[in-house]
2 protein chains.
Amino acid sequence: MAKLVRLAHGGGGQLTGDLIRDVFLPHLGNPLLARLDDAACFPLEGGGDGRLAFTTDAFVVSPPFFPGGDIGKLAVCGTVNDLGVSGAAPVALSASFILEEGLALDELEAAVVSMAAAAREAGVSVVTGDTKVVERGKADRLFITTAGVGWVPAGRDLGVRRVRPGDAVLVSGPVGDHGIAVLSRRPGMEFVTTVKSDCRPLNGCLLRLLDRMEEGSGRGVIRFLRDPTRGGLATVLVEAAAGAGADIVIDEAAVPVRSEVRGAAELLGLDPLYLANEGKFVLVCAREGVEEVLACLRNEPDGREAVVIGAVREGRGRVYLQTTFGGKKLLDLLPGEEVPRIC
Amino acid sequence: MAKLVRLAHGGGGQLTGDLIRDVFLPHLGNPLLARLDDAACFPLEGGGDGRLAFTTDAFVVSPPFFPGGDIGKLAVCGTVNDLGVSGAAPVALSASFILEEGLALDELEAAVVSMAAAAREAGVSVVTGDTKVVERGKADRLFITTAGVGWVPAGRDLGVRRVRPGDAVLVSGPVGDHGIAVLSRRPGMEFVTTVKSDCRPLNGCLLRLLDRMEEGSGRGVIRFLRDPTRGGLATVLVEAAAGAGADIVIDEAAVPVRSEVRGAAELLGLDPLYLANEGKFVLVCAREGVEEVLACLRNEPDGREAVVIGAVREGRGRVYLQTTFGGKKLLDLLPGEEVPRIC
């Protein structure tokens, strides 16, 4: 029987990895794509010593409007944040819309207004775009795909291959807010919660941090940054450990989760470590730099809740969770889809 | 009653223009976006005297596989050609997939294989991507959104504002092939034809032409290039005349249309001038440069059928078709959608 695409192929877990390894890389493969970074970064002929960063994401979140954001805000923040965690200042965004016939123009306009506000906040413009319309029942209201180009200054070097045993692992704030906020409005699943999506542009915070750490002795302290979106904190950690070829040990009690998020996740049978975030980042840095990184982040609205949640250890590229009961649990990619269409 | 999105909003005609003017530009507007060029071109800080070109398109063609191409080939060629007509050499592509649950993985792989072949032909790589999956019935098999970055060398200046009365208008070959090829396989509409889509990357041909014309005295001769995709030749001409603030007079008998395309279009009640092309370009050049342009194109597989179809005249920005019967007909944007989901 022919193999078919399943929802879990889009979940960011094992099946997404299979799709990339079995279908995309064998045909499209090249060294940049194969790195599977949030943004591809490469020198531009005649562009000096910096590197161009290039990234894209499709947004199909359901429902498209949720507490704390909407698909328009998400489409800008998602792409801007992929540039930010690559160390790139955003240069320009593109936006492509796929609209379902019958969508209210007011709804489209509301999403566009949100995009514009998020772009202003991030200090970037949408400079090019496209719109397609498909028949009723051939899309779900609206899908937005953004791409972004950014510029990584000369000498900035972030990446999972820079992660070393002994490094500290930080997260910038409580995890799981975006996932719970979207689910609370999902048709057939609505529940009452005060949780709002954390969706926001992080480039300002990240670039100020990187600039400051790169002045003088802090250069090289920050090894790796990533935004734990689809697949959540756990998926980023699993990919980072595998990419670094070292273990990551996380102290479960240190991972910040709002009580409302924990409660809602428990009711839904979901693990907050796998819930999506859209305004958080994971940071790995040299142990001796932790205090300086935290001091920088304390002045940042999007970083002041940052905490150390674990450390990198010699090992075979696995992630262990030290539970509050003294146990040790192996974290892995989800075999399937925890929450479809979360971004 | 709330205004709703109609299929014609995606047709590239009047309603698409309304959407851009009423919904997108008021909120996202900036000088680059407002130019509505195929690619936004802008200097890059520290990038020397050239300009970065950035473009995106969503592809929702139905059916996704058709004679002469498929959605994967189209997604690469459409974006590469938008760079090419902007005078940009392609630097890198991104690809975002929205897949419908239940799509055969073989079908996805076939589209990816086509993308890879087209990218190789165009001499560019897909360096970053994304995949999302939506539930069965929430998309139509697969949608692909590509974005592209390119590099416009210093001193190259193309644009509708450079078009002058007296200039010649050329098209690179017969029009309407792509439109008829896709329609011939559209569910509920299938008909037998030998017509194949002209879908192909044009960047090689365009860049060799521009490079050669820019050597010495030919610099500045080529004013404007555009690929007549959705909305066809007529839509490009109407937009060019309006943008230039000058009339364009087209000799109907000079516009190349294959007899099979003409026949099929007549049966379907469609005008070949509005049918999509995916491997053709419209070129406006100084009258004194026509012979040199044609001589350059004669050596190019994608340009050797180029012909002069008309000229630019003083006027108020309208397009007139001189018919074979001696009449004169005003060409305008289509009020609605000639053919939905053609790309």
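The values are calculated or read from the model by the stated rules, or taken from the named source; none is laboratory data. Quantities reported herein were computed from a predicted structural model and do not represent experimental measurements. Cβ sites come from the backbone with ideal geometry, for glycine too, and all protein chains shown count toward neighbours. All accessible areas refer to the heavy atoms of the entire protein, side chains included, with ligands and DNA or RNA removed. Shrake-Rupley method; radii C 1.70, N 1.55, O 1.52, S 1.80 Å.
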So, in the stretch B:77-89, of the ones that are out of contact with any Ser or Thr (no Cβ under 9 Å at 6 or more places or on another chain) and assigned to a loop (DSSP other than H, G, I, E, B), which residue ends up farthest from the other protein chains (Cβ to nearest Cβ)?
-> B:GLY87
Limited to the stretch A:137-157, what total is found for residues that are crowded, with 23+ Cβ neighbours inside 10 Å and outside any strand (DSSP E or B)?
-> 1
In the stretch B:202-230, how many residues are out of contact with any strand residue (DSSP E or B) (no Cβ under 8 Å at 6 or more places or on another chain) and either open to solvent by 10 Å² or more (accessible area, probe 1.4 Å) or farther than 20 Å from B:LEU283 by Cβ (or both)?
-> 12
Subset of the stretch A:16-48 (residues that are in contact with an Asp or Glu (Cβ under 8 Å, 6 or more places away or on another chain) and closer than 22 Å to B:LYS138 by Cα) | none
Consider B:ALA116 against the criteria (1) among the aliphatic types (A, V, I, L, M); (2) more than 23 Å from the chain's Cα centre (by Cα); (3) within 7 Å of chain A (Cβ to nearest Cβ): it satisfies all of them except one. Which criterion is unmet?
-> (2)
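Looking at the structure I just gave you, is A:PRO90 open to solvent by 10 Å² or more (accessible area, probe 1.4 Å), modelled with pLDDT of 95 or more and not charged (D, E, K, R)? Full working, then the answer.
Working: open to solvent by 10 Å² or more (accessible area, probe 1.4 Å): yes; modelled with pLDDT of 95 or more: yes; not charged (D, E, K, R): yes.
The answer is yes for A:PRO90.
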Report yes if A:LEU74 is touching a helix residue (DSSP H, G or I) at 6+ places or on another chain (Cβ under 8 Å), surrounded by 24 or more Cβ atoms within 10 Å (Cβ to Cβ) and part of a helix (DSSP H, G or I), otherwise no.
-> no
Being more than 9 Å from chain A (Cβ to nearest Cβ) and of a type in the set (Gly, Ala, Ser) is the filter; apply it to the stretch B:90-113 and report the residue that is farthest from B:LEU202 (Cα to Cα).
-> B:ALA110
Here the residues within the stretch B:161-176 that are modelled with pLDDT of 95 or more and not in a loop (DSSP other than H, G, I, E, B) are B:ARG162, B:ALA168, B:VAL169, B:LEU170, B:VAL171
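Here are some residues: B:ALA111, B:ALA118, B:ALA181. Which one is assigned by TED's automatic domain parsing to the domain that holds B:GLU101, of a type outside the set (S, T, N, Q), assigned to a helix (DSSP H, G or I) and touching a Gly at 6+ places or on another chain (Cβ under 6 Å)?
Unique residue meeting the criteria: B:ALA111.
For (1) away from every other protein chain (no Cβ under 14 Å); (2) open to solvent by less than 20 Å² (accessible area, probe 1.4 Å), each residue gets a yes or a no:
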residue	(1), (2)
B:CYS296	yes, yes
B:VAL307	yes, no
B:ASP332	yes, no
B:PRO340	no, no
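Taking the condition free of Cβ contacts under 8 Å to residues at least 24 places away in the same chain, open to solvent by less than 60 Å² (accessible area, probe 1.4 Å) and not hydrophobic (A, V, I, L, M, F, W, C), does A:GLY336 pass?
On the way: free of Cβ contacts under 8 Å to residues at least 24 places away in the same chain: no; open to solvent by less than 60 Å² (accessible area, probe 1.4 Å): yes; not hydrophobic (A, V, I, L, M, F, W, C): yes.
Spelling it out, it is not the case that A:GLY336 is free of Cβ contacts under 8 Å to residues at least 24 places away in the same chain, open to solvent by less than 60 Å² (accessible area, probe 1.4 Å) and not hydrophobic (A, V, I, L, M, F, W, C).
Looking at B:GLY188, B:GLY173, which is the one that is surrounded by fewer than 15 Cβ atoms within 10 Å (Cβ to Cβ) and of a type outside the set (Ser, Thr, Tyr)? Spell out how you get there, then give the answer.
Numbers: B:GLY173 fails: surrounded by fewer than 15 Cβ atoms within 10 Å (Cβ to Cβ).
It is B:GLY188.
Can you tell me which residue in the stretch A:306-343 is farthest from A:ALA240 (Cα to Cα), limited to those that are in contact with a Ser or Thr (Cβ under 7 Å, 6 or more places away or on another chain) and not basic (Lys, Arg)?
Here is the first cut: in the stretch A:306-343, the ones in contact with a Ser or Thr (Cβ under 7 Å, 6 or more places away or on another chain) are A:306, A:329, A:333, A:341, A:343.
Keeping just the survivors that are not basic (Lys, Arg) gives A:306, A:333, A:343.
Details: A:ALA306: 19, A:LEU333: 12, A:CYS343: 21 Å.
Per the stated criteria, the residue is A:CYS343.
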Per the filter on the stretch B:296-343, residues within 28 Å of B:CYS205 (Cβ to Cβ) and of a type in the set (S, T, N, Q) are B:ASN299
Test B:VAL134 against the stated conditions and say whether it is in contact with a helix residue (DSSP H, G or I) (Cβ under 6 Å, 6 or more places away or on another chain), surrounded by fewer than 24 Cβ atoms within 10 Å (Cβ to Cβ) and within 8 Å of chain A (Cβ to nearest Cβ).
-> no
